[in-house]
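Following: one structure in structure tokens, then a few remarks.
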Ligand SMILES: Nc1ncnc2c1ncn2[C@@H]1O[C@H](COP(=O)(O)OP(=O)(O)OP(=O)(O)O)[C@@H](O)[C@H]1O
Ligand SMILES: [Mg+2]
């Protein structure tokens, strides 16, 4: 059996405690859905699910269109007030809007008490923080790590020197993305545009010419007009 993910406690409909809620990781091999009204705790549950998966060394790939899950990075093994302060809400009416030291201290104490309540001690926390490697990739923005899906079309990969078929497959995938973006047939087996664009792009790659140079040249030409 795979690892058990400890998601919290079960309660009956009347609120009576009904033991731990543990989900065997191998029950997550197909699909699942979390539903609930606004503010009912969907994001909280998914965050715990992800933390538990990471703790069990289950790799996780998240597509987050809402932007709350980057908070998973917010975990300190041995927090100091300076590290925590920017993430603590200041008291209402606080003149500079920055949480004061007693507020930060109280938040840290609450947090430590909750961790203790869930039997998460310093060693577990340290092992969780050291054992995960979270990357926040932000296509179309440099808020996190930017992702450029067309780079295979623009820069010559060293693979062209030792793995031509692999490099061609990557380039073909990038050409398909371009065709799909402009609403044309993108299937390499059916698309005449794909065959033509791939041949042109491959010729350019093999000759070592870079696409971004052409783009810069045309945009600088435009800006000189
Ligand atoms: N299991 C829980 N026990 C106690 N409080 C919780 C629990 N889960 C979430 N909360 C708290 O409830 C509030 C709303 O939770 P959350 O953001 O997860 O809801 P949501 O269903 O994702 O909301 P939305 O629909 O707006 O995305 C948060 O302040 C969170 O701290
Ligand atoms: Mg939510």
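If you check 123, 139 for being loosely packed, with under 11 Cβ neighbours inside 10 Å, free of Cβ contacts under 8 Å to residues at least 24 places away in the same chain, within 30 Å of residue 69 (Cβ to Cβ) and over 14 Å from the mean Cα position of the chain (by Cα), only one passes: 123. I'd like the residue in the range 44-70 that is under 14 Å from residue 129 (Cα atoms) and either modelled with pLDDT under 90 or away from ligand 1 (no atom under 14 Å from the Cβ) (or both) and, out of all such residues, is surrounded by the fewest Cβ atoms within 10 Å (Cβ to Cβ). Looking at the filtered set, the residue picked out is 57. Of the residues screened, residue 89 is one that is within 16 Å of ligand 1 (Cβ to nearest atom), modelled with pLDDT under 95 and not assigned by TED's automatic domain parsing to the domain that holds residue 23. Can you tell me which residue among 25, 77 is surrounded by 14 or more Cβ atoms within 10 Å (Cβ to Cβ) and either within 16 Å of ligand 2 (Cβ to nearest atom) or within 21 Å of residue 134 (Cα to Cα) (or both)? Step by step, each of 25, 77 is checked, and only 25 is surrounded by 14 or more Cβ atoms within 10 Å (Cβ to Cβ) and either within 16 Å of ligand 2 (Cβ to nearest atom) or within 21 Å of residue 134 (Cα to Cα) (or both). Confirm whether residue 20 is more than 16 Å from ligand 2 (Cβ to nearest atom), within 20 Å of residue 124 (Cβ to Cβ) and loosely packed, with under 12 Cβ neighbours inside 10 Å. Yes; evaluated as a whole, the condition is true for this residue. Screening the candidates 152, 107 for the property of being within 30 Å of residue 22 (Cβ to Cβ) and assigned to a helix (DSSP H, G or I) yields one hit, 107.
The values are calculated or read from the model by the stated rules, or taken from the named source; none is laboratory data. Here the structure is a predicted model, which means the values were calculated and not measured. Cβ atoms come from the backbone with ideal geometry, glycine included; neighbour counts cover every protein chain shown.
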